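Participant: Input: one structure, supplied below.
Read the figures in this text as sums done on the coordinates, not as results from a lab. These numbers were taken from a predicted model, which means no experiment stands behind them. In this analysis, Cβ positions are derived from the backbone assuming ideal geometry, glycine residues included, and neighbour counts consider all displayed protein chains.
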Amino acid sequence: MEVIVNGGSISEQEKNNYIEYVKAKDPNKELVSLQIDIDGDFAELKYQFEDIPFERIRRVTGYLTGTLDRWNDAKRAEEKDRVKHGICC
């Protein structure tokens, strides 16, 4: 994990406290980077969590599905023939 401190210096203990503070905001995510901008007595924290893999789920012909690989030929044909609407403007 990358930690960058701008505008001043802080102790290792204070840096670790900021890391734990940000991790506690969302304990299920992995912290990738933390930027600490020091302005006098104030500190602004900018951080980034690791991307979460996302599996697309969509509603197709009345069914919720991630992929069509388990569908039979008739259901695949029904999906192929359906009208797909775009987003206007």
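Participant: Using Cα positions and a limit of under 20 Å, work out the lysines in reach of Lys25, with same-chain residues fewer than 8 apart set aside.
Facilitator: Lys15, Lys46
Participant: Determine the equivalent ellipsoid of the chain by diagonalising the alpha-carbon gyration tensor, then write out the semi-axes as square roots of 5 times the eigenvalues, largest first, rounded to whole Å. Present the calculation step by step, with values, prior to reporting the outcome.
Facilitator: Numbers: eigenvalues 482, 47, 16 Å².
Three semi-axes, in Å: 49, 15, 9.
Participant: Okay, next question. Over the chain, what is the mean sequence separation of C-alpha contacts under 8 Å (at least six apart), divided by residue count, expressed as relative contact order in percent?
Facilitator: Values: 78 pairs, mean separation 19.3, N = 89.
Reported relative contact order: 22 percent.
Participant: Could you tell me what percent of the DSSP beta bridges with both partners in the chain are antiparallel, to the nearest 5?
Facilitator: Working: 11 of 16 bridges.
That works out to approximately 70 percent antiparallel.
Participant: In nm², what is the average projected area of the convex hull enclosing the Cα atoms of the range 2-49? List each step's numbers first, then the result.
Facilitator: Working: hull surface 12.3 nm².
Answer in nm², one decimal: 3.1.
Participant: So, one more: How much length would be gained if the chain were fully extended between Asn17 and Phe54, taking 0.36 nm per residue of separation minus their Cα-Cα distance, in nm to one decimal? Mind showing how you got there, number by number?
Facilitator: Details: separation 37, 0.36 × 37 = 13.32 nm, distance 3.06 nm.
Gain on extension, Asn17 to Phe54, equals 10.3 nm.
Participant: Right, next: Could you list the chymotrypsin sites (Phe, Trp or Tyr not before Pro) in the range 9-82 that lie in coil according to DSSP, counting only those with at most 16 other Cβ atoms within 10 Å of their Cβ?
Facilitator: On the way: sites: Tyr18, Tyr21, Phe42, Tyr47, Phe49, Phe54, Tyr63, Trp71; in loops: Phe54, Trp71.
Hits after loop and neighbour filter: Phe54, Trp71.
Participant: Separate question: Which angle between 0 and 90 degrees, to the nearest 10, do you get for helix 12-25 versus the longest principal axis of the chain when only C-alpha atoms count?
Facilitator: Value to nearest ten degrees: 30.
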